[in-house]
Amino acid sequence: ILPYNTAANASAVTHMHMIWSNHFDAGFDDISWFYQPLSHWPQNAGGSPFAYRVLQNYFSTYFPAAVARAAHFRSLNQTYAWMTQEWIINLYLDCEASGIVEWASPNPLDAPSPSAKPLLRCPNASATAAMRAAIMRGDIFFHAFPHNPSFGTLDLNLLRSGLREVKRTADALGIAHPTTLSLRDVPGLTRSIVPHLVDANVDFISLGSGGPQLGHPDIPGGSANTSLFTWRDARSGKSVLFAHDDGYGGGVHIAPNGHALYCAWNKDNSGPIEDPAAGVL
């Protein structure tokens, strides 16, 4: 493990890379916990499967907001790009086949009935075309894994399939394969993942561990709020660059070549950070 001394390099920064994003949380959020009666349930019962309201906010509000913000900054000869999860984009572009419908009965394990009402309001053809164009321009992008897992719970097949899934989506959209893995609100990940990431051409990890101090990994610099280091797997000899934030983001990570990284993360399910100066939501 080779930590970088960020303080010593702060005056030498020549390029600052801003990553705009927010944490997606399907379950630990008041939006997904809000219960309502469904059409076939009595008034004192109810609920919604798959936390679909969270997804609907991304579909109806956050994606269009990110596209609009990028267009606004482009009109000022500036750039703006917002990162999200690949699986949400994939679902957006194939929403009609999502299968997210009302529960068949009070038992969510029951199979949906043929007449079950769809829950998501899917985008129309012009909206999906705008999304594809935004991704191809780089206005919206995704990282190297479909979602935000606890990697220590995955076996090798699940890990590899997730990495392949992102590459398939990138190929379908005609963009380069992502080479950075982003992970938020988990206490860390296992070193055994390193050679498999390298084999998949992923060479950088950005972790925003979030939560209380006991939920953070042991990293060079101990309890420092920001850290950038090389993480090497001793058995394989393979390594990745690793940036760690105690929260979702907020630390400035400075490399010896004058490049610095700042992860500008909004809170759970909040979409692009609102910038009053930009004039768009």
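Summary of values
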read-out: For Leu163, solvent-accessible area (1.4 Å; no DNA, RNA or ligand), Å²; value: 10 Å²
read-out: Solvent-accessible area of Arg232 with every protein chain in place, 1.4 Å probe, in Å² to the nearest 10; value: 120 Å²
read-out: Accessible area expressed per residue, region 129-168, with surrounding protein chains retained (probe 1.4 Å, Å²); value: 49 Å²
read-out: Accessible-area ranking of Asp94, Asp25, largest first, probe 1.4 Å; value: Asp94, Asp25
read-out: Computed accessible area, His15, all protein chains, 1.4 angstrom probe, square angstrom; value: 90 Å²
read-out: Under 5 Å, built H, 5+ apart or other chain: amide partners of Lys238; value: Asp233
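The values are calculated or read from the model by the stated rules, or taken from the named source; none is laboratory data. All values derive from a computational prediction rather than experimental measurement. These accessible areas exclude ligands, DNA and RNA; they are computed on the full protein's heavy atoms, side chains included. Shrake-Rupley method; radii C 1.70, N 1.55, O 1.52, S 1.80 Å.
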